[in-house]
Amino acid sequence: MKRVVLLVLTCALLLGGMTAFSSCKRAPKIDDIRAELIALIEASYEINTIFFGAGLPVYDRSDVIYSDLYNVYASSQYVNSYDVVSLHAKYSSINEIKAAASLVYSPELLEESLFVTGFVGYALTDATGKFASAPALFVEDGNYLYQSREHENKLRNGQKVFDYSTMQIVRPSGRDAIFVSVSCFYANDPATPLSARLRFVRTSAGWRLDSYTV
C-alpha cells in the first residue's frame, strides 16, 4: 500500500514539474504584450526610412552655398561617393543611428544584416554565381557623417500600415521568441490587402523585432 502511495505521489510530482516546465516555455498572451509590440513597429518606421527609404537629409552639393563644404572641408576620401549629412538631421553619428536601431531591432538582426549594409558594405556571390556589392550606406571622419550617393529609396510603395486589431501570436512561438500575424497594406496602395508575419525575440532590454517591417 505504501508503495502505491509513493508511486502516486511521484507521478503527481513529475506531472506537476512537467506542467511548470511547459508553462515556462509557453508563449505570452498577445493582450499582455500588444502595446509593447505596437510601439516597436511604430518606432521601426524611422529606422526603415534611414536604411531602406530616403535616408537622412543631406547638403545639396549642386547648391553653391555648400560649394566650400564639398570642395574644402569635406573629406577627399568620401566626397566623390558620399553626401554630407545635414547638421540639422536627427542623427549626426553612426553611434547615434546604432543606438536608435538597437531600441527596435534585435541584436542578431542588426549585427548580421542591418549594420553590415549600413556601416560596412558588402561584396558577395550568390548561389547562381551572380556577384553583388555595395558600399557602406554611412561613413564618418570625425567631423561629418556621410551618406552614400548610391543610397536608394526602396520604399516606393511607402511603408506598411498595420491593423493592430488583427494581431495574433501564431506557431511556432515560445516564451522568448514569437511569430505574430497581422493584416496590413502599403501606404501608397491601400486597396491591396496584405498579411505580414513578424518575428519578435525577448532580450534583456525587452522585446525586439527580429524581422523587418518593410
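The values are calculated or read from the model by the stated rules, or taken from the named source; none is laboratory data. These numbers come from a predicted model, not from an experiment. Glycine gets a Cβ as well: all are built from the backbone with ideal geometry, and neighbour counts include every protein chain shown.
The residue that is modelled with the lowest pLDDT, counting only those in segment 126-177 that are of a type in the set (F, W, Y), in a strand (DSSP E or B) and more than 23 Å from P107 (Cα to Cα), is F131. Every condition in (1) farther than 13 Å from N143 by Cα; (2) in contact with a helix residue (DSSP H, G or I) (Cβ under 7 Å, 6 or more places away or on another chain); (3) surrounded by 18 or more Cβ atoms within 10 Å (Cβ to Cβ) holds for D60 except the one numbered (3). Considering A54, A101, A27, the condition of being over 11 Å from the mean Cα position of the chain (by Cα), at pLDDT 95 or above and closer than 25 Å to N153 by Cβ is satisfied by A54 alone. Set side by side, the residues K154, K130 differ, and just one is within 30 Å of S76 (Cβ to Cβ) and exposed (fewer than 13 other Cβ atoms within 10 Å of the Cβ), which is K154. Criterion applied to V84, V72, V79 was being farther than 28 Å from A205 by Cβ, part of a loop (DSSP other than H, G, I, E, B) and over 24 Å from the mean Cα position of the chain (by Cα), and the one residue passing it is V79. Within segment 87-119, the residues that satisfy the criterion of being within 23 Å of A177 (Cα to Cα) and outside any helix (DSSP H, G or I) are L103, V104, Y105, S106. A single entry from V170, V182, V161 fulfils the requirement of being closer than 17 Å to F52 by Cβ, of a type outside the set (K, R), without any contact (Cβ under 8 Å) to a residue 60 or more places away in the chain and out of contact with any His (no Cβ under 9 Å at 6 or more places or on another chain): V161. Here are some residues: S181, S148. Which one is surrounded by 13 or more Cβ atoms within 10 Å (Cβ to Cβ), within 30 Å of Y82 (Cβ to Cβ) and not aromatic (F, W, Y)? It is S148.
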